[in-house]
Amino acid sequence: MKIDGACLCGAYAYEAEINPEKVIVCHCTDCQVSSASAYRFGVMVAREQYRELRGTLKSFVKTAESGAARALHFCPECGTSIYGADPEGATHFSLRLGTARQRGQLAPKAQVWHRSALPWVGSVAGLRANETQSSRMRPKESTPSGQ
């Protein structure tokens, strides 16, 4: 399946050919922190199936639980995470699908690092849902004293 995507500010854009049957959810604690969320969803894509359309990414090399180095690539302007890869000579990227325009069509097929899944993740579907952010959900703006 051909997909395309971009970072939040639009400075970086890409296109890729992926296998939608390989889409996963990762619950590892590194993904929770780097995505600022409960998990990340993504897919492995071969280097030759990935094309940068505009922009240049910045990277940060972290050490995984296994001890292996992992380079996390992100937009230097807005910080959007784009993919993870081996720091040297990567043949595949772990593409962050939250950046893909087709993300609604890419249902995950498996979960990894489930031992780190937050205990409430499965109960989200039962929560009250608003189609947009309700004014009751926003914090009240404070006004300076005396006004």
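The values are calculated or read from the model by the stated rules, or taken from the named source; none is laboratory data. Please read all numbers here as calculations on a predicted model, not as lab measurements. So basically every Cβ, Gly included, is an ideal-geometry build from the backbone, and we count neighbours across all protein chains shown.
Values computed for the structure shown
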| item | result |
| --- | --- |
| From ASP86, ASP4, residue being touching a residue at least 60 places away in the same chain (Cβ under 8 Å), over 18 Å from PRO108 (Cβ atoms) and out of contact with any helix residue (DSSP H, G or I) (no Cβ under 7 Å at 6 or more places or on another chain) | ASP4 |
| Strands (runs of 3 or more DSSP E) wholly inside segment 17-70 containing at least 1 residues that are without any contact (Cβ under 8 Å) to a residue 12 or more places away in the chain and among the β-branched types (Val, Ile, Thr) | 58-63 |
| Positions within segment 73-106 being over 14 Å from the mean Cα position of the chain (by Cα) and either outside any loop (DSSP other than H, G, I, E, B) or not β-branched (Val, Ile, Thr) (or both), in sequence order | PRO76, GLU77, ASP86, PRO87, GLU88, GLY89, ALA90, HIS92, GLN105 |
| Filter result for ARG47 (at pLDDT 95 or above and farther than 28 Å from VAL124 by Cβ) | yes |
| Subset of segment 93-134 (residues that are surrounded by 14 or more Cβ atoms within 10 Å (Cβ to Cβ) and among the small types (Gly, Ala, Ser)) | SER94, GLY98, ALA100, SER116, ALA117 |
| Sole residue being surrounded by 13 or more Cβ atoms within 10 Å (Cβ to Cβ), under 19 Å from ARG103 (Cβ atoms) and charged (D, E, K, R), chosen from LYS22, LYS62, LYS2 | LYS22 |
